[in-house]
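A short reminder: the numbers here are calculations on the coordinates, not readings from a lab. Remember, predicted model here, so these are calculated numbers, not experimental data. Glycine gets a Cβ as well: all are built from the backbone with ideal geometry, and neighbour counts include every protein chain shown.
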Amino acid sequence: MRLTPALAAAAALFHVPEVTAHVSIPQALNEAFVAEKPDYECKLAAPSFNSMSEGFGPRTAFASSTGPLRAAMVFVDFPDAPATDTPGSLLQAFMPAAADWYNASSYGRLHLTVAADTRKFYRMPRPSAEYSWNRAGFTSQKQERYIKDAIAAIGAEFKPGPTDVLYIVPTRQAARIGFSPTSLTPMALADGTRVKGTVTFGQDLWTAWGFKVLNHETGHVMGLPDLYPMDGRATGLWVGGFDIMGLISGSSPDYLGWHKWKLGWVDNAQVSCAKEGESEHVLTPVEVAGGTKMAVVKVSDSVAVVAEVRTDAGLNHGSCSKGLLVYVVDASKWTGNGPIVVQSGKAGTVRGCAPSKGGPLTSAAFDFAAKEAMVDVKKYGVTITTTAVEGANYRIKIKYAPVAGGRPKPAGGFLGFGG
Ligand SMILES: *[C@@H]1O[C@H](CO)[C@@H](O)[C@H](O)[C@H]1NC(C)=O
Ligand SMILES: [Zn+2]
């Protein structure tokens, strides 16, 4: 996309970076990203030049998050790591589980289809050791070379048809291809098929995450940021085990209501905006379709306090934390820099109820049955009180008295590894 002179000048002033971590966002994509006015009163606008924030903005660079999401999957091996497994067995590691996961999380709105070329492994031109594919040594340049090598190896032999995202899966023999980053650099396959993003899977599929790594990475292709710290601090620092973009193996991995709203799985009409003074809201659990999913207090142009109800149903089966979950969304933050911070402050939850699945904040939901009825987000003048639980629904009262804003304080201190 071409920048107007005024925009280019603003972008230069702003210093639009290339973001490289778990997800590579080309500088051009951020430079071309221009804020737009949200279509609903308590929505936050995404800031210009930050294409992957928690705000709402243009979605042209991203794969569609409702209706069909068309993926092409290819399998690669290497001169120093020839395959002894089969493409079909690798496909089965993801499908149909990953598509079912999206179907459930989206209330049936997102249909992931995977056109997989299971005829063979395409041989990469370089040894796996040369790509040195791990978190420490990763750069977007390395990833781009890997993707281009794979696309050249595939050639025109595979014609997947219209495709939103390319999945490149290595043989299990390629131990050196360690992790699974995503690139948002648009690519063309040899037959002219254009893709908006590529996920280059690694062995963390087997060693850490299972199929859900696909759901996390494809979340980036649909525009969602990482909710865990990029600097090596505890994975659960900001959102505990809530939301697969925070921790793939988290205790309550279904997307937060805010993400479901961003992706179009929750409608504006299912979001109740709280204004100054007192208001009452009845929330239905995030895991079930229908009803009001969130109460949102927009406290500034870039910050909102959000309340939703989490249960142990559906994708959150087995979760040890149920009840009202309150979090602060900051649309001015970059991916991996704390755009969402779950609020807690409850006593006696030093380790959390699932220490290995997100740390202290795994206990952050306020369970009315356990007499945890009030959440005070003092920093923003928001007090939320549960007044009744009706079936699985929470009836809450929000008091909002605006204060001069500040930044939410990070909570927790769990030591874990990144997702
Ligand atoms: C997809 O989700 C919808 C809505 O929750 C459900 O009715 C349907 O059975 C699901 N389909 C599959 C294949 O799981
Ligand atoms: Zn990520």
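Just a few scattered comments:
- More than 32 angstrom apart: percent of Cα pairs within the chain: 35
- Between Ala46 and Glu36, Phe56, Gly57, the built amide H atoms are under 5 Å apart, and every one of these is 5 or more places off in sequence or on another chain.
- FRET efficiency for Val288 and Trp206, using Cβ-Cβ distance with R0 set to 35 Å, rounded to 0.05: 0.60
- Spin-label proximity, Lys399 to segment 269-309 - amide N less than 13 Å from point 7 Å beyond Cα toward beta carbon: 277-279
- Between 0 and 90°, nearest 10: helix 140-154 axis offset from the chain longest Cα axis: 50
- Estimated vicinal HN-Hα couplings, Hz - segment 112-128 in sequence order (Karplus 6.51, -1.76, 1.60; Gly, Pro = x): 7, 10, 10, 8, 9, 8, 8, 5, 6, 8, 7, 8, 6, x, 10, x, 4
- Two-site label geometry, Ser132 and Glu276: point separation in nm, points 7 Å out along Cα→Cβ: 5.7
- A simple spin-label model places pseudo-atoms 7 Å from Cα toward Cβ; at Gln27 and Ser300 they are separated by 2.9 nm.
- Relative frequency of Cα-Cα separations exceeding 23 Å in segment 257-400, percent: 31
- For segment 153-286: relative contact order, % (alpha-carbon pairs under 8 angstrom, 6 or more apart): 16
- Per-residue Cβ neighbour counts within 10 Å put Phe242, Phe158 in the sequence Phe158, Phe242, beginning with the fewest.
- Highest to lowest packing among 35-41, 331-337, 70-76, scored as the average C-beta count within 10 Å: 70-76, 331-337, 35-41
- With contributions of -39500 (n - 2.57) from each DSSP H run of at least four residues, the per-residue ellipticity at 222 nm computed over the chain stands at -4500 deg cm²/dmol.
- You can think of it this way: the chain between Cys320 and Ala188 has 43.1 nm of extra reach, that is 0.36 nm per residue less the Cα-Cα gap.
- Pairs of Cα atoms in segment 67-222 fall into 10 Å distance bins, from 0 up to the last occupied one, in shares of 11, 45, 37, 7, 0 percent.
- Residues whose placed amide H lies under 5 Å from that of Ala313, excluding near-sequence neighbours: none
- Fluctuation leader among Gly391, Gly323, Gly161 - the chain, Gaussian network, Cα springs under 10 angstrom: Gly391
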